[in-house]
C-alpha cells in the first residue's frame, strides 16, 4: 500500500458514515465482480470504483473534479478515470452491468436528468447502487440544515419513495433500501459533524460508527440522514 492509498483509506474508510455507506452498496453488488463492467458516477478520486476493480470488475469512475482524479491515478488499484459531466455520459447505451453512486444525486440540479443517463448506459437487468441525503428531521434544526446544504451544495434531498418514483419512470424497479443515522440523536450528530467538523470531524467521529450502526439496527427502517438504494433495470 503506497502513501496515496493510505491517505485515501483514511479519507474514505476511517469515517463515521462513508465506509458503512459505500461498503453496504458494494456488499449488495457482490464479492465476485469478474466479467462485470461497473461505473461510479461522481466517484471523485475513484477509490470506491477501485474497490470494485479489486473484486474483478472492469471499473470506470467519472467526475468533473480533475484534481481528485489526478490523485486517484496514484492509487494501487485505480479504475479508469474519465473527466465528464454526469448529465452527459460519454458511453453507449447499455454499456455497464452495475452503476455505483455514493451521495452524489443530491448535488445535481436535476436528479431526474442524471438518472436518465444512468438508466441509459445500464444494461437491461443491470442494477444501480446509490445513496443520497435524506435529512428526514432536518427541519428540527434549521441552522444545521441550512449550513449543511450550503456547505455541501445540496440541491435536493430524497427518500426511498421519491427516488423509487423517479426510477420507476425510467424503467428501474426498486429492489431494496436502507436508511442510516435513523434515530434523532444520530441525525443530529450527522448534521453537527457536517456543520462544525466537516471532513476532519467525520473522520474523528469514526469510533462512533459501531454505536450508530447499533442504533440503526434497533430503529425502524423508515427515515434517517442517508438512504441507500438498490434498483434493477427492467428487461
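Here residue 69 fulfils each of the conditions (1) within 23 Å of residue 114 (Cα to Cα); (2) at pLDDT below 90; (3) over 18 Å from the mean Cα position of the chain (by Cα) apart from (3).
Checking the structure you have, find out if any residue of the stretch 136-151 is over 20 Å from residue 184 (Cβ atoms) and in a helix (DSSP H, G or I).
So in the stretch 136-151, the residues over 20 Å from residue 184 (Cβ atoms) come out as 150-151.
Checking which are in a helix (DSSP H, G or I) leaves us with 150-151.
Yes, the stretch 136-151 has at least one match.
What are the residues in the stretch 54-71 that are crowded, with 16+ Cβ neighbours inside 10 Å and without any contact (Cβ under 8 Å) to a residue 40 or more places away in the chain, if any? Scanning the stretch 54-71 gives 55, 58, 59, 60, 61, 62, 63, 68, 69.
Taking residue 182, is it under 21 Å from residue 28 (Cα atoms) and part of a loop (DSSP other than H, G, I, E, B)? Break it down stepwise before answering.
Numbers: under 21 Å from residue 28 (Cα atoms): yes; part of a loop (DSSP other than H, G, I, E, B): yes.
Answer is yes for this residue.
Does residue 124 satisfy the condition of being surrounded by fewer than 22 Cβ atoms within 10 Å (Cβ to Cβ), on the phi < 0 side of the Ramachandran plot and without any contact (Cβ under 8 Å) to a residue 12 or more places away in the chain? It is false that residue 124 is surrounded by fewer than 22 Cβ atoms within 10 Å (Cβ to Cβ), on the phi < 0 side of the Ramachandran plot and without any contact (Cβ under 8 Å) to a residue 12 or more places away in the chain.
Are there any strands (runs of 3 or more DSSP E) wholly within the stretch 25-127 with 1 or more residues that are closer than 25 Å to residue 226 by Cα, and if so which?
Working: elements: 37-41, 58-63, 80-83, 96-101.
Correct list: 37-41, 58-63, 96-101.
Taking the conditions exactly as written (closer than 20 Å to residue 229 by Cα and either surrounded by 20 or more Cβ atoms within 10 Å (Cβ to Cβ) or at pLDDT below 95 (or both)), does residue 22 satisfy them or not? The answer is yes for residue 22. Cβ-Cβ contacts under 9 Å between residues 6 or more apart (or on different chains), taken from a first residue in the stretch 209-235 that is over 18 Å from residue 23 (Cα atoms) to a second residue that is at pLDDT below 95 and not in a helix (DSSP H, G or I), are absent. Scanning the stretch 195-229 for residues that are under 16 Å from the mean Cα position of the chain (by Cα), crowded, with 18+ Cβ neighbours inside 10 Å and not in a loop (DSSP other than H, G, I, E, B) yields 202, 226, 227, 228, 229.
The values are calculated or read from the model by the stated rules, or taken from the named source; none is laboratory data. Only a predicted model underlies this, so the values are computations on that prediction, with no experimental measurement involved. All Cβ positions, even for glycine, are placed from backbone atoms using ideal geometry, and neighbour counts span all protein chains on display.
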